[in-house]
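Structure, as structure tokens:
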Amino acid sequence: MKLNLFVALPALILSANLAHAVEQDFVKPKVGIFRLDWCKIWGGQCGQPAADKYCQSKGFVHATNFEEAVDIGATTPTVIIDTGQQCGAPTCDGFTFITCQKPDVIPLPPPPMPIPLPPPGGGGGPPPGDDTHFYKKPKVGGARLNYCETKGQGCGQDAADAYCDAKGYDDAADFTQSPPAPPGATRYIGNGKLCKGPICYAFTSILCENQP
């Protein structure tokens, strides 16, 4: 009897852990005012990767179930969650629903690395010899820096690196993305044009660095 009890114990523990998982369904999930696109990046990482990224943006760990909404782009434009690009073609797909899951208790993540504060008064660049500099709400030509170098191209790291290069640094060590700004409020660093689409993402911050 004792042997049977010990054999059954792992199964009981597993069942208890599953029972404490928290799930939530998101019907016709959206990014901002537009439907979530079926792909995480333009033309790739479709289905599970995009669903997982959406769940993580809602505070969950991953997606356990989802269903594709086929060819909805013409009537309901979709947005690619990683880049903010909009897809309005008839062949653009979205999600009918996503089921997200997380444990009832999630261990706390390690504290983030401290980010250097900008010098008093802001602007003017870092003192000579500084290897890093923190830019809050970086701008180009009087407008907020767009999250992409040009429309739909070079989004995220590439745009941040280009900004740091323009400031005399080697590359961007870290950056954060802001919610969509009004059309015309962000500027592409690659060509100097203003973003005129319905979704114009910007940077909340960029940490530039010089490599040792």
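The values are calculated or read from the model by the stated rules, or taken from the named source; none is laboratory data. What you are looking at is a predicted structure, and each value in this text was computed from that prediction instead of being measured. Every residue, glycine as well, gets a Cβ built from its backbone with ideal geometry; the counts of neighbours run over all protein chains shown. These accessible areas exclude ligands, DNA and RNA; they are computed on the full protein's heavy atoms, side chains included. Shrake-Rupley method; radii C 1.70, N 1.55, O 1.52, S 1.80 Å.
Per-residue answers, yes or no, for (1) at pLDDT below 85; (2) assigned to a strand (DSSP E or B); (3) exposed (fewer than 11 other Cβ atoms within 10 Å of the Cβ):
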position: PRO119; (1), (2), (3): yes, no, no
position: LEU145; (1), (2), (3): no, yes, no
position: ASP174; (1), (2), (3): no, yes, no
position: ILE189; (1), (2), (3): no, no, no
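Table: residues versus (1) under 20 Å from CYS200 (Cα atoms); (2) over 13 Å from the mean Cα position of the chain (by Cα); (3) open to solvent by less than 30 Å² (accessible area, probe 1.4 Å).
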position: PRO29; (1), (2), (3): yes, yes, yes
position: ILE41; (1), (2), (3): yes, no, no
position: ALA69; (1), (2), (3): no, yes, yes
position: THR75; (1), (2), (3): no, yes, no
position: CYS87; (1), (2), (3): yes, yes, yes
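Report every pair of residues separated by at least 6 positions or lying on different chains whose Cβ atoms are under 9 Å apart, first residue within segment 17-28 and more than 11 Å from GLU67 (Cβ to Cβ) and among the acidic types (Asp, Glu), second open to solvent by less than 100 Å² (accessible area, probe 1.4 Å) and modelled with pLDDT of 65 or more.
Within 9 Å, the pairs are GLU23/PHE60; GLU23/THR64; GLU23/ASN65; GLU23/THR99; GLU23/CYS100; GLU23/GLN101; GLU23/LYS102.
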